[in-house]
Amino acid sequence: MTVLVGVARKRPPLLFTVLALTAAVVVVCVLAVSFGSVWLPLSHVWGILAEPFAPWLVDVTWSPVRASIVWDSRLPRVAMAVVVGAALAIAGAIAQIVTRNPLADPYLLGVSQGAGLTASLVMVLGVEVLGMVALPPVAFVGALGVLLAVLAISGRSGSVSVLVLAGLAVGQVCSAGLSLVIFLHAKGDQAKQVLFWLAGGLGDARWDALAVPAVVLVLAVLGGIVAGRRINLLHAEDDAATALGVNPRRFRLVMLIGVSLLAGTSVAVAGGIGFVGLIVPHVATFLVGSDARRLLPVSALLGAGFLVAADLLGRLLASPSELPVGVITSAVGGPLFILMLLRNRRRMG
């Protein structure tokens, strides 16, 4: 499923890889909480985080304002980046497996554009009084609607190529609809707000907006691990999967609904963030192979760390303002993917 192909090589044990990536994610999260328009010493960050749980170990030398910055601003932002990055990476990995297309991600199937269209309608038409908690289900409805349209267009052929082409076409229709919404209905700063949101941003992250995507992510990881053997069968042709007791069409539909759920809730809370679902699964495959039971948790960790680091970079480069995190992921992911393609071309030719 990956463009990172080559001679077989010995990979480190899965436990070692998971522990190393977990440690790396923790480090980058701590740095993301520490750095920003107001720099907080790492000792203060650790102390602020430890105070509610072990106050007898902490000597409070910081102001309440700094504690508020950590708990009310940066920590929910970092937590949102972890959840969204992991969700997009898992969605991309599943999409690439079930379509047998190494270029597949939620954007290729159109579900992210569908989620963005419905969420933008909610924002522009003033239904945002329901709060951010209402956006995830609305975005999921849009993502699921696009998926159903794509499946209806692809029909009973079962062709993965037709499925992907249908996803591209429906995604473009949704993008056109989104442009119409912005130009016809967005007024004043509203258009700028929607465009900034569509570029991907975590500046509005709040604890109450984290619940839905976090629950979806946990269910996706657990479901992916439990169904890992069946997911692996989709690497083969449909006839081979059927012979091994899996209905590929039905199972593929279930997996794509999962992709829609992950993408829809992610777009709802963070906007459109590209390349995470495309690049990260290839890196994860390079590290642990294509077995879904290994690939999905490693993809989640890589996606979480990548998005936290990208958001931190966007804040540092434009401080005291910030760049949309989607701009950073595209700026990093685009050239990286080109290098991966060039490397693969040299090996193949």
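The values are calculated or read from the model by the stated rules, or taken from the named source; none is laboratory data. Worth saying up front: this structure is predicted, and the values here are computed from it rather than measured. Cβ: placed from backbone, ideal geometry, glycine included. Neighbour counts: every protein chain shown. Note: areas computed on protein heavy atoms with side chains; ligands, DNA, RNA excluded. Shrake-Rupley method; radii C 1.70, N 1.55, O 1.52, S 1.80 Å.
Key figures for this structure:
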| read-out | value |
| --- | --- |
| Set Phe306, Phe251, Phe275: member being within 21 Å of Leu163 (Cβ to Cβ) and modelled with pLDDT of 85 or more | Phe251 |
| The range 95-108 - residue that is open to solvent by 10 Å² or more (accessible area, probe 1.4 Å) and out of contact with any Pro (no Cβ under 9 Å at 6 or more places or on another chain) and, of those, nearest to Arg229 (Cα to Cα) | Arg100 |
| Test: residue in the range 296-303 that is in a helix (DSSP H, G or I), open to solvent by 50 Å² or more (accessible area, probe 1.4 Å) and not polar (S, T, N, Q) | no |
| Of all residues in the range 228-257 being among the hydrophobic types (A, V, I, L, M, F, W, C) and open to solvent by less than 20 Å² (accessible area, probe 1.4 Å), the one that is farthest from Thr99 (Cα to Cα) | Val246 |
| In the range 29-40, residue most open to solvent (accessible area, probe 1.4 Å) [restricted to those that are in contact with a Leu (Cβ under 7 Å, 6 or more places away or on another chain) and in a helix (DSSP H, G or I)] | Leu31 |
| Checklist (1) surrounded by fewer than 13 Cβ atoms within 10 Å (Cβ to Cβ); (2) among the polar types (S, T, N, Q); (3) touching a residue at least 60 places away in the same chain (Cβ under 8 Å) applied to Ser43, failing item | (3) |
| Hits in the range 209-227 (condition: assigned to a helix (DSSP H, G or I) and either touching a strand residue (DSSP E or B) at 6+ places or on another chain (Cβ under 9 Å) or among the small types (Gly, Ala, Ser) (or both)) | Ala209, Ala211, Ala214, Ala220, Gly223, Gly224 |
| Residues within the range 81-122 that are without any contact (Cβ under 8 Å) to a residue 60 or more places away in the chain and among the hydroxyl-bearing types (Ser, Thr, Tyr), tallied | 1 |
| Flag for Leu195 being under 22 Å from the mean Cα position of the chain (by Cα), assigned to a helix (DSSP H, G or I), of a type in the set (A, V, I, L, M, F, W, C) and more than 23 Å from Tyr107 (Cα to Cα) | no |
| Verdict on Ala214 being hydrophobic (A, V, I, L, M, F, W, C) and modelled with pLDDT under 90 | no |
| Residue count, the range 46-74 (criterion: part of a helix (DSSP H, G or I) and open to solvent by 30 Å² or more (accessible area, probe 1.4 Å)) | 14 |
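One line per residue, one yes/no per condition, for (1) among the hydroxyl-bearing types (Ser, Thr, Tyr); (2) touching a strand residue (DSSP E or B) at 6+ places or on another chain (Cβ under 8 Å); (3) modelled with pLDDT of 85 or more:
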site	(1), (2), (3)
Leu57	no, no, no
Ala81	no, no, yes
Ile94	no, no, yes
Val98	no, no, yes
Ala104	no, no, no
Gly116	no, no, no
Gly126	no, no, no
Ser161	yes, no, no
